[in-house]
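Take a look at the structure set out below.
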Amino acid sequence: MALQGLNNQRVRNFNKRVLCALLYREKVASKSTLARLSQLSIPAVGKILDELQEERRVEHDQQNLHRRGLGGGSYRIAASEQRILCLNVSPYLIESIVVDGLITPCSAFTPQPIVATTPQAMLQEMVQIYHLHSRQQGMPLKIALSIHGQVNPLTGVSQRMPQAPWEGPVEIKYLLEERLKTEVLLDNDCVMLGLAEKWQNNANAQDFCVINVDYGIGSSFVINQQIYRGSLFGSGQIGHTIVDPDGGLCSCGRYGCLETIASLSALKKKARIQLKVTPRAQHEGERLKTPTTAELIARYHQGDPALQVLVQRAAQAIGLSLYNFLNILNINRIYLYGRSCGFGQAWLETIISQTGFNPFDRHDQIQTQATHIGFGQLTRAQQVMGIGYLYVEQALTEML
């Protein structure tokens, strides 16, 4: 495709998009704040805001946000009656929250356990939750949908859901839109976390990464403030990087992937094998079940020595994978999410210790530019709200 230059109109549209993106992030801001954040002059910002008001994209309020100076009121994205149902879906749990067009909550955050043995059963659960929220809000809702596993956001197909008892793709977008007669945007759960961090954490710079260490291990990259999905929408499959070529068989069909060592599903299986060979189990002839996540984490904190060795090895494997990742992409802000974060500070410190010295860290620069690996601080409700920003990014893309 030929490269295209920027004429005056395209520059104008780009600057409009910048100001709207800032208002989505800030929710409400003065003209001077927008000028400072966009690095445009106040007169230029004023002209762009006037155009955005004429287009009914932005609203002006006479109330000043600052006590000093002449003041000029404040600006926000124009109010919309439309509500969005944010869903994070797996075969055993659907998390939901309704937000408005600015992605501020309009309902309580609700986790709903389900038992879905077929795609049809999972879709039926989603339909019921939609109707419940739609009645409570008194209006039809758009849907922003997060799905575990590999997803094609253009076709709306769930290509592979690792936790599902079924195989093969599911045309979730088409099926829901046909049934509910509403718009559906979807992506995977790691993109949900990336969007949540991008739009709700003002500390983030241009580039960062989220790692979700849970049933499996996935990640999402934000590069130049944009989610990087890859041409086949498979970006972020860090769990399927091979860390032990002679290791166990992975669900992807290869051997020794990171998920076979460091995911919760792998740790649970190994913990069950350990329990079977304990003297107590041999003596009593117990048939021990695979521990739940809560039981696994509780035993770890209670000081189970064999389990602590397993968890430490898992953290070391994650850290070594991140070291290679840091060297390849040079992204120096990484946020860890997922239930494995329940292992706590010792688990995190083991991961950090394995990343070693990042050769790209500049010690002649300020400390805030050094590599940061830590737990994500967003609440679960904020995380699920992240998928709603698919509609924000769609609106901003349409402005170019």
Before we move on, is Gln82 free of Cβ contacts under 8 Å to residues at least 12 places away in the same chain and open to solvent by 50 Å² or more (accessible area, probe 1.4 Å)? no
Filter region 292-314 for residues that are surrounded by fewer than 13 Cβ atoms within 10 Å (Cβ to Cβ) and among the β-branched types (Val, Ile, Thr); which is farthest from Gly256 (Cα to Cα)? Thr292
Residue satisfying all of: in region 160-181; in contact (Cβ under 8 Å) with a residue 40 or more places away in the chain and in contact with a strand residue (DSSP E or B) (Cβ under 6 Å, 6 or more places away or on another chain); surrounded by the most Cβ atoms within 10 Å (Cβ to Cβ) among these: Ile172
Which residue is nearest to Asn201 (Cα to Cα), if the candidates are limited to region 219-271 and must be acidic (Asp, Glu) and over 24 Å from the mean Cα position of the chain (by Cα)? Asp244
Could we say that Leu37 is open to solvent by 50 Å² or more (accessible area, probe 1.4 Å) and farther than 17 Å from Leu400 by Cα here? yes
Complete set of residues in region 226-268 that are acidic (Asp, Glu) and closer than 10 Å to Gly216 by Cβ: Glu259
So if I check each of Leu154, Leu132, Leu141, which one is of a type outside the set (Val, Ile, Thr) and touching a Leu at 6+ places or on another chain (Cβ under 7 Å)? Leu141
Taking Ala281 and the conditions (1) part of a helix (DSSP H, G or I); (2) open to solvent by less than 60 Å² (accessible area, probe 1.4 Å); (3) at pLDDT 85 or above; (4) not polar (S, T, N, Q), which numbered condition does it fall short on, given that it satisfies the others? (3)
Please verify whether region 194-215 includes one or more residues that are among the charged types (D, E, K, R), at pLDDT 85 or above and open to solvent by 40 Å² or more (accessible area, probe 1.4 Å). yes
Considering only residues that are charged (D, E, K, R) and open to solvent by less than 50 Å² (accessible area, probe 1.4 Å), which ones fall in region 321-347? Arg333
For region 40-66, give me each residue that is assigned to a loop (DSSP other than H, G, I, E, B), touching a helix residue (DSSP H, G or I) at 6+ places or on another chain (Cβ under 7 Å) and either closer than 25 Å to Glu398 by Cβ or among the basic types (Lys, Arg) (or both). Leu40, Arg57
With (1) crowded, with 16+ Cβ neighbours inside 10 Å; (2) over 23 Å from the mean Cα position of the chain (by Cα); (3) among the β-branched types (Val, Ile, Thr) as the list, and Ile318 as the residue in question, which single condition is left unmet? (2)
Please specify each residue of region 119-155 satisfying the condition of being in a loop (DSSP other than H, G, I, E, B) and either modelled with pLDDT under 95 or basic (Lys, Arg) (or both). His148, Gly149, Pro153, Leu154, Thr155
Pull up region 216-263, narrow it to residues that are among the β-branched types (Val, Ile, Thr) and open to solvent by less than 30 Å² (accessible area, probe 1.4 Å), then point me to the one that is nearest to Leu326 (Cα to Cα). Ile238
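The values are calculated or read from the model by the stated rules, or taken from the named source; none is laboratory data. Note that this is a predicted model, so its numbers are computed, not measured. Here the Cβ is made from the backbone with ideal geometry for all residues, glycine too, and neighbour counts use every protein chain on show. For the accessible areas, the whole protein counts, side chains as well, though only heavy atoms, and no ligand, DNA or RNA atoms are used. Shrake-Rupley method; radii C 1.70, N 1.55, O 1.52, S 1.80 Å.
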